[in-house]
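A short worksheet on the structure shown next.
The values are calculated or read from the model by the stated rules, or taken from the named source; none is laboratory data. Quick caveat: nothing in here was measured; it's all calculated off a predicted structure. Cβ placement follows ideal geometry from the backbone for every residue including glycine, while neighbour counts extend to all protein chains displayed. Heads up: the accessible areas ignore ligands, DNA and RNA and are worked out on the full protein's heavy atoms, side chains in. Shrake-Rupley method; radii C 1.70, N 1.55, O 1.52, S 1.80 Å.
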Amino acid sequence: MVKKKTAREVNAELRRSHRPESIVSTYGYDPQRSEGSLIPPIFLSSTFVFPSAEEGERSFRIAYHLTRSRKPAIPSLIYTRLNNPNLEIVEDRLTLFETGTEAAAVFSSGMAAISTTILALVRAGESILYSSPVYGGSDYLFEHLLPRMGIHTVAFAAGAGGDAIRGLLEREAKAGHPPALVFIETPANPTCTLTDIGEARSAVDAFSRRNRKPVYLAIDNTFLGPMWQHPAELGAHLVLYSATKFIGGHSDVVAGAVLGSRALVEDQVKVARTIFGTVPSPFDAYLLMRSLDTLKMRMTAQLKNARHVAQWLLRQPQVAEVRYPGLLKDGDPQKAIYDRQCLEPGSMISFYVKGGKKEAFRVLNSLKLIKLAVSLGSTKTLAEHPATMTHSDLDPKERRRLGIDDRMIRLSIGTEHYQDIIADLREAFAQR
Ligand SMILES: *Cc1c(COP(=O)(O)O)cnc(C)c1O
């Protein structure tokens with residue numbers, strides 16, 4: 001008799017033989033288990049019926065990691081804070097895009113993903129190194145909330161090399177705060193500065209070997225991922241997302257995701273998620289799943305538009321400087337990092353208008369097609385003023401040092417026709 005393949009074996013075969021976009025809309029879901037429905041139903045149920053008491057016992061033992069078995073065991077569905085079909089489908093599908101990862105966990109927001117991961121892996125008395133600038137919410141977490149819990153946090157400049165990171169790890173260890181995590185956002189928001197992921201991993205490994213202490217490297221890949229940068233292939237232990245951005249892509253859902261090895265994601269991050277309760281709703285997981293079908297299409301269209309817009313901005317007399325990874329020149333150390341780790345430059349552009357806040361605000365107030373809003377990665381082109389909006393809670397001196405001044409405008413390019421985006425900017429620049 002031919003042995004029937006398990007769902008896991010079928011999935012592994014599909015992944016080997018197909019590209020992500022070819023299987024993302026069917027992967028990890030069997031229509032025959034849901035009345036033949038082509039699209040997975042939304043399982044709003046908070047709790048699930050066990051077929052027997054024995055199965056209930058077995059499932060809890062797996063979910064709470066009470067079994068010693070090395071074989072990966074799959075528990076029955078229990079309760080939506082622990083597991084739910086809509087969450088599991090979108091998690092399986094996310095791993096298709098994130099090459100080099102085995103497992104994913106989705107969250108109720110990007111900040112839920114970041115804070116749950118940190119609280120799962122770092123203890124009081126230990127330290128975290130983080131690149132700066134980072135997303136405003138992450139900055140607040142590192143600057144204010146984690147120190148209150150006895151976790152030491154140390155910022156280093158985005159773009160720092162392996163030696164600088166290694167030096168800081170040794171310094172923290174000597175100061176009696178053993179490092180547990182290096183957190184890097186690359187490209188950095190909103191300056192687009194790149195930090196070398198491979199070098200950071202080498203620094204972490206060198207430190208870990210010498211001190212016999214595991215230190216994890218976590219990359220916030222929101223700006224380029226999951227299409228244009230694969231941090232796990234470059235050495236990241238964990239890849240983090242605000243899924244609100246490109247993954248959700250329609251400005252209609254707030255969510256987060258973490259990807260990595262099964263051991264880290266299933267055994268550590270998901271256990272913390274269950275207890276902190278930072279799961280997304282089944283409906284939000286459904287929205288993310290729906291969005292993944294068009295992820296490549298959207299991000300490719302956004303990329304093409306952004307290349308045109310960045311080139312156009314470069315030629316405008318009203319523009320002092322454009323920050324876009326696609327404009328980096330050979331000989332610039334940032335270009336060498338770009339070539340090592342980015343597949344494409346993405347669709348986030350920051351530029352400086354000539355003048356100051358008055359000139360920047362005049363442009364922002366004159367836009368019509370482009371909407372004045374924070375957030376990014378949506379099908380709609382959005383513009384914002386980092387110094388007074390997303391990065392307004394940074395110390396003003398620090399903000400200026402990072403290059404986030406009153407002249408800077410950040411654009412997230414959408415899927416409109418690029419000539420219409422450019423025409424809107426041209427009209428806004430012409431306002432006097
Ligand atoms: C938006 C964002 C976050 C936070 O995500 P939320 O979904 O808003 O909680 C974290 N990192 C980066 C780079 C972001 O852009």
Report the net charge of residues surrounding Ala232, where surrounding means a beta-carbon distance below 12 angstrom and charges are Lys +1, Arg +1, Asp -1, Glu -1. -2
With R₀ set to 22 angstrom, the calculated FRET efficiency between the beta-carbons of Ser208 and Met149, to the nearest 0.05, is 0.40
Near Lys329, which lysines are there with a Cα under 25 Å away, not counting those fewer than 8 places off in the same chain? Lys304, Lys354
Express the accessible area of the chain per residue in Å², computed with a 1.4 Å probe while the remaining protein chains stay in the model. 45
Any idea what Rg and Dmax come out to for the stretch 203-361 if you just take the C-alpha atoms, in Å? 19.0, 56
What are the semi-axes of the equivalent ellipsoid for the stretch 1-149, taken as the square roots of 5 times the Cα gyration tensor eigenvalues, largest first, in whole Å? 33, 21, 16
Over the stretch 85-292, with a single point scatterer placed on each C-alpha, what log10 of the ratio I(q)/I(0) does the Debye formula yield at q = 0.07, 0.17, 0.19 1/Å? -0.18, -1.13, -1.41
Projecting the Cα atoms of Ile413, Val319, Gly136 onto the charge dipole of the chain, where Lys and Arg contribute +1 and Asp and Glu -1 at Cβ, the residue farthest towards the positive end is Val319
Could you state the orientation-averaged shadow area of the convex hull built on the Cα atoms of the chain, in nm² to one decimal? 23.2
Along each of its three principal axes, how wide is the spread of alpha-carbon positions in the stretch 200-261, in whole angstrom units, largest first? 47, 19, 16
Straight-line reach from Lys397: which lysines have Cα under 19 Å away, leaving out those fewer than 8 places along the same chain? Lys357
With runs of 4+ DSSP H residues as the only contributors, calculate the mean residue ellipticity of the chain at 222 nm using -39,500 (n - 2.57) per run, divided by the residue total and rounded to the nearest 500. -11000 deg cm²/dmol
How large a share of the accessible area of the stretch 323-432, in percent, is made up of carbon and sulfur atoms when the probe is 1.4 Å and the other protein chains stay in place? 51
Could you compute the FRET efficiency for Ile39 and Glu102, with r as their C-beta to C-beta distance and R0 at 22 Å, rounded to 0.05? 0.25
Indicate, rounded to the nearest 5 percent, the antiparallel portion of the DSSP beta bridges found entirely in the chain. 55
Formal net charge of residues neighbouring Ala124 (Cβ-Cβ distance under 15 Å; K, R +1; D, E -1): 0
Largest-first ellipsoid semi-axes for the stretch 295-429, taking √(5λ) over the Cα gyration tensor eigenvalues, angstrom: 21, 20, 14
Rounded to the nearest 20 debye, what is the charge dipole size of the stretch 295-429 about its Cα centre when +1 sits on each Lys and Arg Cβ and -1 on each Asp and Glu Cβ? 80
Taking one equal scatterer on every alpha-carbon of the stretch 341-393, how large is log10 of I(q)/I(0) by Debye at q = 0.19, 0.25 1/Å? -0.75, -1.12
Using a ≥ b ≥ c from the Cα gyration tensor of the stretch 16-88 (square roots of the eigenvalues), is it rounded, prolate or oblate, where a/c under 1.5 gives rounded and otherwise the larger of a/b and b/c decides, a/b for prolate? oblate
